[in-house]
Amino acid sequence: MTSSAIAASGLRKAYKDKVVLDGIDLEVAAGTVFSLLGPNGAGKTTTVNVLTTLMKADGGTVRVAGHDVATETKAVRAAIGVTGQFAAVDELLTGQENLQLMADLKRIESAEGKRIVAELLERFDLTQSAQKMVATYSGGMRRKLDLAMTLVGKPRIIFLDEPTTGLDPRSRRTMWDIIRQLVTEGVTIFLTTQYLDEADRLADRIAVLDQGKLVAQGTPAELKRLIGGSHVRLRFAGDAELDAAQQVLTDSTRDSEDDLTLRIPSDGRAKSVRELLDQLDAHSIDVEEFSVHTPDLDDVFLSLTGRTNPKVNAS
């Protein structure tokens, strides 16, 4: 595999007069999790559809697993797996039958197909439910089965379009564990999600899409630093200590939620915090408590798109 699992340049797509993707450039390193964020209607699903050959772009170039999506469609499809927003499973079949059907469609030799099906059922903790109709499965079980079906062909790149929407907290965390394990095995994950905590925990890099344009790209930490607002909160035992500290720390302000707490702008790094505490110690000022606060992805999302995310921190 090339070092870049996915590379897009100048990607454009429009529906009549509505521009959905307006010259997008992105690159996804192999063996990483790349998360695409954006408000509803930003173009996330359209991006996935173009990258997975389900839709043709109006302009730009896209290479997936080293292949051009426009001219090497079959090669791209052989290298990828796609799990959409809704579980694409047959409710009238059992879990095992769904997996076996996928193995048959991929023309995997019978004995090898049965081995793969058995391994996936065990891996996704579906063995005990293998002979049950999928109609009886919970939402979490269906999502696990859907992802298991995607893995039948051992794809090198997997596109997950909002894979945990509607799942309970336990099922979401199970999916996160599965995604992390896939990455340790060298699989590349392209993740779209409305859950910002999900992107924060899983993604190596994040891109924010808004009105068809990428407005920011970087690691979660880089995006948080982009908007600033990091600070240290120092709490004191009484007014005397707080007043003395405020004279020493001239850039501090009183916290509006706690009369005995000061807020001091800081990058939050250990060296900066240590220097701050040493400065107070040099003036014999005791600190009762301290904590470091940095912006979260909800702050980033609001700053970049002008909107809050309705599903942030949903768990």
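The values are calculated or read from the model by the stated rules, or taken from the named source; none is laboratory data. Values in this document were obtained by computation on a predicted structure and should not be read as measured data. Positions of Cβ are generated from backbone atoms using ideal geometry, with glycine treated the same way; all protein chains shown enter the neighbour counts.
A few comments on the model shown:
- Condition check for residue 186: small (Gly, Ala, Ser) and within 16 Å of residue 84 (Cβ to Cβ): no
- Among the residues of segment 63-85, the one identified as surrounded by fewer than 23 Cβ atoms within 10 Å (Cβ to Cβ), part of a strand (DSSP E or B) and of a type in the set (A, V, I, L, M, F, W, C) is 82.
- Consider segment 234-253 and keep the residues that are without any contact (Cβ under 8 Å) to a residue 12 or more places away in the chain and not small (Gly, Ala, Ser). The one that is nearest to residue 293 (Cα to Cα) is 253.
- Candidate set from segment 118-132 (those that are in a helix (DSSP H, G or I) and over 26 Å from the mean Cα position of the chain (by Cα)); member that is surrounded by the most Cβ atoms within 10 Å (Cβ to Cβ): 129
- For the condition outside any loop (DSSP other than H, G, I, E, B), loosely packed, with under 12 Cβ neighbours inside 10 Å and either in the same structural domain as residue 204 (by TED's automatic domain parsing) or without any contact (Cβ under 8 Å) to a residue 40 or more places away in the chain (or both), residue 278 qualifies.
- Which numbered condition residue 44 fails, given (1) farther than 17 Å from residue 191 by Cα; (2) touching a Leu at 6+ places or on another chain (Cβ under 9 Å); (3) touching a residue at least 12 places away in the same chain (Cβ under 8 Å): (1)
- Residues that are in a helix (DSSP H, G or I), in contact with a Ser or Thr (Cβ under 9 Å, 6 or more places away or on another chain) and over 14 Å from residue 210 (Cα atoms) within segment 9-52 comprise just one, 48.
- Single match in 107, 115 (criterion: among the charged types (D, E, K, R), assigned to a loop (DSSP other than H, G, I, E, B) and over 25 Å from residue 171 (Cβ atoms)): 107
- Residues within segment 115-161 that are at pLDDT 95 or above, over 21 Å from residue 183 (Cα atoms) and of a type in the set (D, E, K, R), tallied: 2
- Filter pass, residue 57 being closer than 23 Å to residue 298 by Cα and either part of a loop (DSSP other than H, G, I, E, B) or charged (D, E, K, R) (or both): no
- Taking the numbered list (1) out of contact with any helix residue (DSSP H, G or I) (no Cβ under 6 Å at 6 or more places or on another chain); (2) surrounded by 12 or more Cβ atoms within 10 Å (Cβ to Cβ); (3) over 30 Å from residue 166 (Cα atoms) in turn, residue 284 passes all entries but (2).
- Pair list, Cβ < 6 Å and 6+ apart or interchain, from segment 104-130 residues that are in the same structural domain as residue 148 (by TED's automatic domain parsing) to residues that are not aliphatic (A, V, I, L, M): 106/153; 117/100; 121/127; 124/144; 126/95; 129/95; 130/95; 130/96
Conditions tested, residue by residue: (1) touching a helix residue (DSSP H, G or I) at 6+ places or on another chain (Cβ under 9 Å); (2) modelled with pLDDT under 95; (3) of a type in the set (Lys, Arg).
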position: 14; (1), (2), (3): no, no, no
position: 21; (1), (2), (3): yes, no, no
position: 25; (1), (2), (3): no, no, no
position: 40; (1), (2), (3): no, yes, no
position: 52; (1), (2), (3): yes, no, no
position: 69; (1), (2), (3): yes, no, no
position: 72; (1), (2), (3): no, no, no
position: 80; (1), (2), (3): yes, no, no
position: 100; (1), (2), (3): yes, no, no
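- Which numbered condition residue 149 fails, given (1) out of contact with any Leu (no Cβ under 8 Å at 6 or more places or on another chain); (2) within 19 Å of residue 53 (Cβ to Cβ); (3) buried (at least 21 other Cβ atoms within 10 Å of the Cβ): (1)
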